[in-house]
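Please read the structure below before turning to the comments.
Just so it is clear, none of the values below were taken in a lab; they were calculated from the coordinates. If you're wondering where the values come from, they're calculated on a predicted model, not measured in any experiment. Every residue, glycine as well, gets a Cβ built from its backbone with ideal geometry; the counts of neighbours run over all protein chains shown.
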DNA sequence: TTGAAGTATAAACCATACTTCATACTTTAT
DNA sequence: ATAAAGTATGAAGTATGGTTTATACTTCAA
């Protein structure tokens, strides 16, 4: 039995970057960019293998989904990093973590308000167009 | 009576770029950038004055407010331009304009959904942190 | 066993959305 | 009358978030 297969048996929930990319629909290079940015880490199993490949777990998949959603609605990578650090890091106290998360929830509520306002503007736009006002 | 004052009396609702900047809280340079990008136009009253200054009306103020809100929630300038063109341009038929605006409204609804999902994730995050799960 | 596909790393390049700099003209305040 | 402030224009520079290119090693399938 090859190392590869043995490894896969134990780490059968772990993904190589290619699978991770397909699973999340994020290009490999972008995933690497995010990793270098410090948004998550893959694990290199040097004790078992010598190939230097990185393996990613479900946790990383979840983080990537969060990143996608958050970017979609206008959060920057540094904001997202702050969020992930609060959630999974060890640098902050429990209260500080909760504060970071609560603040971001507040910002999200603001953004929802903004979106509703833009939506209202566009609905007004449709009415204008219908009334041939422009 | 100077030209300037005379002009202001007639165009008392028109703004110079400085006033426009203060009114909208958008830097002068950014406003010029947006104008060059084609998001709106100031008017040069060469018949009355020779100074080449641009004057901006309420319409421009409204557009800038729309731009601010839309950017805040992750729309790009080119998307915003498309929107403004649909609304105020002459290139499209009424039905085409309505289609552009409706599509964008649909996207906004999607974004609101995304935001609600991210919010849910963060609320879960708070619970995790409280339960000392990370 | 060998060629195709996958992985790692670094560096250069790119698009978007500004920001800064430089130059020159106009208006306004004193 | 003149200095300070405002305006116009063009070009270069910057930050963010990637993408592309190049090189080299590893694994896998036939």
List the distances, in nm and shortest first, from the label point of residue A:29 to the matching label points in every other copy, placing each point 7 Å from Cα along the Cα-to-Cβ direction.
3.0
Taking every pair of alpha-carbon atoms in the stretch B:47-106, what share in percent sits in each 10 Å bin, from 0 to the bin with the longest distance?
19, 42, 26, 11, 2
Which whole-number percentage describes the relative contact order of chain B, with Cα contacts under 8 Å and a sequence gap of 6 or more?
17
In chain A, what residue has the beta-carbon at the shortest distance from the axis of the rotation relating A to B, and what is that distance in angstrom, rounded to the whole number?
A:74, 2
Using only the alpha carbon atoms of the protein assembly as shown, find the Kirkwood hydrodynamic radius as the inverse mean reciprocal pair distance, in angstroms to one decimal.
22.4
Compute the angle between helix A:58-72 and the longest alpha-carbon principal axis of chain A, please, reported from 0 to 90 degrees and rounded to the nearest 10.
20
Put a label point 7 Å from Cα along the Cβ direction on residue B:57, then list its distances to the equivalent points in the other copies in nm, shortest first.
6.3
Inside 10 Å of the C-beta atoms of A:105-113, what's the mean count of C-beta atoms belonging to other chains?
5
Likely footprinting exposure, A:85, A:95, fewest C-beta neighbours within 10 Å first:
A:95, A:85
May I ask for the angle, rounded to the nearest 10°, between helix B:77-88 and the longest principal axis of chain B, with both axes built from Cα atoms and the value confined to 0 to 90°?
60
Residue B:110 label points, 7 Å along Cα→Cβ, one per copy: pairwise distances from this copy to the rest in nm, shortest first?
2.6
Give the angle, between 0 and 90 degrees and rounded to the nearest 10, that separates the Cα long axis of helix A:94-130 from the longest principal axis of the Cα atoms of chain A.
40
On the first, second and third principal axes, largest extent first, how far apart are the outermost C-alpha atoms of chain A in Å?
74, 39, 21
Where does chain A land at 222 nm, in deg cm²/dmol rounded to the nearest 500, when only DSSP H runs of n ≥ 4 count, each adding -39500 (n - 2.57), divided by all residues?
-22000 deg cm²/dmol
